[in-house]
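**Student:** Right, I'll just put the structure down here and ask away after.
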Amino acid sequence: MTYDLARSARLSRRGLFAAGGALALAPVLAACGGDKKDDTAKAGESSWSFKDDRGRTVTRKKRPERIVAFVSTAAALYDYGIECTGIFGPSSPVHGKPNPQAGDLDVERLTSLGEAWGAFSIEKYARLRPDLLVSNMFPAPDLWFVPQDSAKKIQEIAPSVGINVARTSLLNPLKRTAELAESLGADLGARKVVDAKARFDRAVRTLREAAAANKGLKILAMTADPDNLYVAVPDSYCDLNFYKSLGVEFVEGKKSDKWGFWEFLSWENADKYHADLIMIDNRSSALPRQQLDERPTWRRLPAIKAEQTVDWAMEERFSYAGYAPVLEQLAAAITKSKKLRA
């Protein structure tokens, strides 16, 4: 089922998640809950703690080892050498290729709690006997892909950490994810990690230079479903927000609802804005390029006619290793794109 951020936020509040019978869950929840008293020590007695972006401090008697995370969050932690036990969110191959949200994860070795929106299996989660749940937030305080209807039950099984990735700079979730990884045992001084950060810093300079060299180039970031084309509101997305600070110029979508991530355009009005380069959502949930190309209004867009497009890694893993190639790809696309007539 195709969804968009704004739509999914609404759907989550309509109770799409069906969690199975409460009686079936009770023994599993009880088994996990039995350790809660021992594991939730007072802050002064705990050997591990982390304050997340909701302002909540999670404490444990020992460093969490059995971690369950949203797939791109798990992929980011993996870049720092932290392996998760389970994942949730889209992880299956897309058109025969590894899911871009999974990064370098070997997803077949991990227990998936569900890939579709609202498909988080509490039964599977409880059986993993997790020490910690981690996810992003679009925005806080809700954990991305954790169904709100069952959030209380999920929270009873293990504490959670949320990293905010909305209405902030990309640098913030990158920093916070690295801090979380370090608290979980990662060595931020490891050669792999240091090299990834150096590559990211080079990519930042390259993107800034590309934007300056092609000043005035207008970029539109979008996703789509059968009903609408959705134009991103750049400041709502940490990556677009950061790219703007480097001089990249975006089409500014207008907020269509209270969540403020998208402007909704019917396909008849898909040509409302002129763009020289289009960033196309690369998630498996977005309308695929083949179906986009079947729409006359899409094919008539100047950037599409000129073949000036680039993937938008909308839910890329928040690690320097994850984002360095994303910045490099965008810089290359900006460099080769030309300003087009409206």
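The values are calculated or read from the model by the stated rules, or taken from the named source; none is laboratory data. As the structure is a computational prediction, the values presented were derived from the model and not from experiment. We place every Cβ from the backbone using ideal geometry, glycine too, and count neighbours over all the protein chains shown. All accessible areas refer to the heavy atoms of the entire protein, side chains included, with ligands and DNA or RNA removed. Shrake-Rupley method; radii C 1.70, N 1.55, O 1.52, S 1.80 Å.
**Student:** From R295, R289, grab the single residue that is more than 30 Å from A196 (Cα to Cα) and at pLDDT below 95.
**Tutor:** The match here is R289.
**Student:** So which residues in segment 73-109 are part of a helix (DSSP H, G or I), β-branched (V, I, T) and either touching a residue at least 60 places away in the same chain (Cβ under 8 Å) or open to solvent by 50 Å² or more (accessible area, probe 1.4 Å) (or both), if there are any at all?
**Tutor:** Result: T73, single match.
**Student:** Name the residue, out of F145, F138, F120, that is open to solvent by less than 30 Å² (accessible area, probe 1.4 Å), closer than 16 Å to D53 by Cα and touching a helix residue (DSSP H, G or I) at 6+ places or on another chain (Cβ under 9 Å).
**Tutor:** F138
**Student:** Name the pairs: first residue in segment 61-72 and farther than 19 Å from S112 by Cβ and open to solvent by 10 Å² or more (accessible area, probe 1.4 Å), second residue at pLDDT 95 or above and hydrophobic (A, V, I, L, M, F, W, C), Cβ to Cβ under 6 Å, at least 6 apart or on different chains?
**Tutor:** R63/W48
**Student:** Continuing with this model, one more query. Does N241 satisfy being farther than 24 Å from M137 by Cβ, among the polar types (S, T, N, Q), surrounded by 19 or more Cβ atoms within 10 Å (Cβ to Cβ) and in contact with a Lys or Arg (Cβ under 9 Å, 6 or more places away or on another chain)?
**Tutor:** Considered against the rule, which asks whether it is farther than 24 Å from M137 by Cβ, among the polar types (S, T, N, Q), surrounded by 19 or more Cβ atoms within 10 Å (Cβ to Cβ) and in contact with a Lys or Arg (Cβ under 9 Å, 6 or more places away or on another chain), N241 comes out as no.
**Student:** Quick check on my filter: what residues within segment 316-342 are open to solvent by 90 Å² or more (accessible area, probe 1.4 Å) and either under 9 Å from F200 (Cβ atoms) or assigned to a loop (DSSP other than H, G, I, E, B) (or both)?
**Tutor:** K338, K339, R341, A342
**Student:** Let me ask something else. So which residues in segment 280-315 are small (G, A, S), open to solvent by 40 Å² or more (accessible area, probe 1.4 Å) and either without any contact (Cβ under 8 Å) to a residue 24 or more places away in the chain or farther than 19 Å from R341 by Cα (or both), if there are any at all?
**Tutor:** The answer is S284, and nothing else.
**Student:** Of all residues in segment 153-168 being open to solvent by 30 Å² or more (accessible area, probe 1.4 Å) and more than 14 Å from the chain's Cα centre (by Cα), which is nearest to A203 (Cα to Cα)?
**Tutor:** Result: Q155.
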